[in-house]
Amino acid sequence: MKLSRLFILAVIFVMILSACGPAAEAPEAEEPVGVDPTEICENDDFGCAVIAPGQTIKIGMGSPMTGGNAAFGIDAEQAGMIAVADAGEHEGFQFELIAEDDGGTPEGGAAVANKFAADPTVVGVAGHLFSGATFAAMPIYEELGIPMLSPSATNPDLTRQGSRVFNRVPFTDEAQGQAAAEYMFNDLGFRKVAFLHDGQDYGKGLAEIAAATFESLGGEVVELMGITPGEADYSPVLSTIAAQSPDALYFGGYTQEGVVLTNNMPTSGMEYVVFFGCDGTFGVDYLARTGANGEGTYHATPRTPPETPEKDGFDAAYQERWGQAPGELSPFSWNSYDTTTMLIKMVKEVSFVGTDGSLYIPRGALVDAVRNLTSYVGISGTYTCFPDGDCNIEGPTFWIVENGDFVAVN
């Protein structure tokens, strides 16, 4: 009995010693994952956009989504959504396209820009599409350091504002207007042309450039005037112009007014006058709304992209997802895909994951990265951005409507 009691006490003593032995060493503290954003963001001209886990990286797009010119905005959004899908995730974060209806107007452009500016997860804008809306939006993005890359805003003065944030990939109205005048005078043999515009930044500048060039070539400008946008009948204006017997009517503006002018011409004494539109009047919407009246009219687009595996892939994806071919709703399908993709690529290059797991995007660094794009190969062309934000110096392709379809003529 005594031996058993002693044995039990010994076992208990050993157990107590084990329990009171030296404490296990604490595991070493793990190094923080990610980069400390403090210094980088404090030294950036515009600070950092911070995308918290669970949030998306937003690319904005401002365009007309309703009304007579909605085809342009719908097309741009559809192309941009394919670009976002192709982009995949970045550091565990997803990209998202936020398309807002700016109506193509200055008032709408400012309203959409203010909405994007109020959302700290909007890091870039693939737009705006129309020049008037773009002019109004630019100062708002300039203040916050939100880079813009427009697929279609072509007014030459947009890149003469000294803006740090505005860039574009289409040719300018200067290039288009001069080329249109030269084509009418040299190729079509027109000597008397009337020039109309919609009074907006895009159309007015385009018509004035075309008229000045046509006159410098020796042509006669029988009229240069603006019309009121949104009217249902322009017969009184056309009847006055008809009395001057022009060879052609050149119009700077968009589909809505271009359709009305085209349909009014046969009943206004201008049945033998050629309607010559622009990239703002190109698209299946114009064909559908003018029918036989659209036959023999001229329009412009950016240069048709060369056939490449990348373009073929985009074309197939667009057709499959939206049930129509790119370039039907507007000539800017490929530009819109490229501008969205370029912004996403630059976001990937300048961003980093912080120690808190958030994605940090230095806004000033992103602005500079977009402005310094060099030899970027997109599906719509190869782009190098100049110091003023123009990234393309190519001129347009002209088209004639024959048998209800567009046929390239140059």
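Structure notes:
- Residue that is surrounded by the fewest Cβ atoms within 10 Å (Cβ to Cβ), among those in the stretch 377-410 that are of a type in the set (Phe, Trp, Tyr) and out of contact with any Ser or Thr (no Cβ under 7 Å at 6 or more places or on another chain): 386
- Residue among 401, 353 that alone is of a type in the set (A, V, I, L, M), under 30 Å from residue 325 (Cβ atoms) and not in a loop (DSSP other than H, G, I, E, B): 401
- Yes/no for residue 120 being surrounded by fewer than 21 Cβ atoms within 10 Å (Cβ to Cβ) and either assigned to a strand (DSSP E or B) or in contact with a strand residue (DSSP E or B) (Cβ under 7 Å, 6 or more places away or on another chain) (or both): yes
- Positions within the stretch 392-410 being modelled with pLDDT under 95 and either under 13 Å from residue 168 (Cα atoms) or of a type in the set (D, E, K, R) (or both), in sequence order: 392, 393, 394
To keep it simple, each residue is scored yes or no on (1) over 15 Å from residue 258 (Cβ atoms); (2) part of a loop (DSSP other than H, G, I, E, B); (3) touching a strand residue (DSSP E or B) at 6+ places or on another chain (Cβ under 7 Å).
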{"residue": "288", "(1), (2), (3)": "no, no, no"}
{"residue": "292", "(1), (2), (3)": "yes, no, no"}
{"residue": "296", "(1), (2), (3)": "no, yes, yes"}
{"residue": "299", "(1), (2), (3)": "no, no, yes"}
{"residue": "303", "(1), (2), (3)": "yes, yes, yes"}
{"residue": "313", "(1), (2), (3)": "yes, no, no"}
{"residue": "316", "(1), (2), (3)": "yes, no, no"}
{"residue": "321", "(1), (2), (3)": "yes, no, no"}
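- Subset tally (residues that are part of a helix (DSSP H, G or I) and among the aliphatic types (A, V, I, L, M)) for the stretch 131-150: 6
- Flag if residue 212 is in a helix (DSSP H, G or I) and surrounded by fewer than 17 Cβ atoms within 10 Å (Cβ to Cβ): yes
- Figure legend. Inter-residue proximity from the stretch 99-126: first residues of a type outside the set (A, V, I, L, M, F, W, C), second residues assigned to a loop (DSSP other than H, G, I, E, B) and surrounded by fewer than 18 Cβ atoms within 10 Å (Cβ to Cβ), beta-carbon distance below 7 Å, spacing 6+ or different chains. Indicated pairs: 101/66; 103/67; 121/55; 121/56.
- Within the stretch 183-221, the residues that satisfy the criterion of being of a type in the set (A, V, I, L, M, F, W, C) and out of contact with any helix residue (DSSP H, G or I) (no Cβ under 7 Å at 6 or more places or on another chain) are 188, 207, 211, 212.
- Residue selected from the stretch 323-350 under the condition of a type in the set (A, V, I, L, M) and in a helix (DSSP H, G or I), by the criterion surrounded by the fewest Cβ atoms within 10 Å (Cβ to Cβ): 350
- For the stretch 215-261, filtered to residues that are hydroxyl-bearing (Ser, Thr, Tyr) and assigned to a loop (DSSP other than H, G, I, E, B), the residue that is nearest to residue 331 (Cα to Cα) is 254.
- The sole residue among 396, 326 that is touching a helix residue (DSSP H, G or I) at 6+ places or on another chain (Cβ under 6 Å), under 26 Å from residue 254 (Cα atoms), of a type outside the set (D, E, K, R) and not assigned by TED's automatic domain parsing to the domain that holds residue 162 is 396.
- The stretch 92-117, subset assigned to a loop (DSSP other than H, G, I, E, B) and buried (at least 21 other Cβ atoms within 10 Å of the Cβ), residue farthest from the chain's Cα centre (by Cα): 103
- Checked against the criterion of being free of Cβ contacts under 8 Å to residues at least 12 places away in the same chain and surrounded by 14 or more Cβ atoms within 10 Å (Cβ to Cβ), the stretch 284-301 contains not a single residue that satisfies it.
- Across the stretch 320-340, not a single residue is classified as among the β-branched types (Val, Ile, Thr) and more than 30 Å from residue 288 (Cα to Cα).
- Among the criteria (1) surrounded by 19 or more Cβ atoms within 10 Å (Cβ to Cβ); (2) in contact with an Asp or Glu (Cβ under 9 Å, 6 or more places away or on another chain); (3) not in a helix (DSSP H, G or I), the one residue 176 does not fulfil is (3).
- Every residue from the stretch 355-366 that is crowded, with 22+ Cβ neighbours inside 10 Å and small (Gly, Ala, Ser): none
The values are calculated or read from the model by the stated rules, or taken from the named source; none is laboratory data. Since this is a predicted model, take the numbers as computed values, not measurements. No Cβ is skipped: glycine too gets one built from the backbone with ideal geometry, and neighbour counts run over all protein chains shown.
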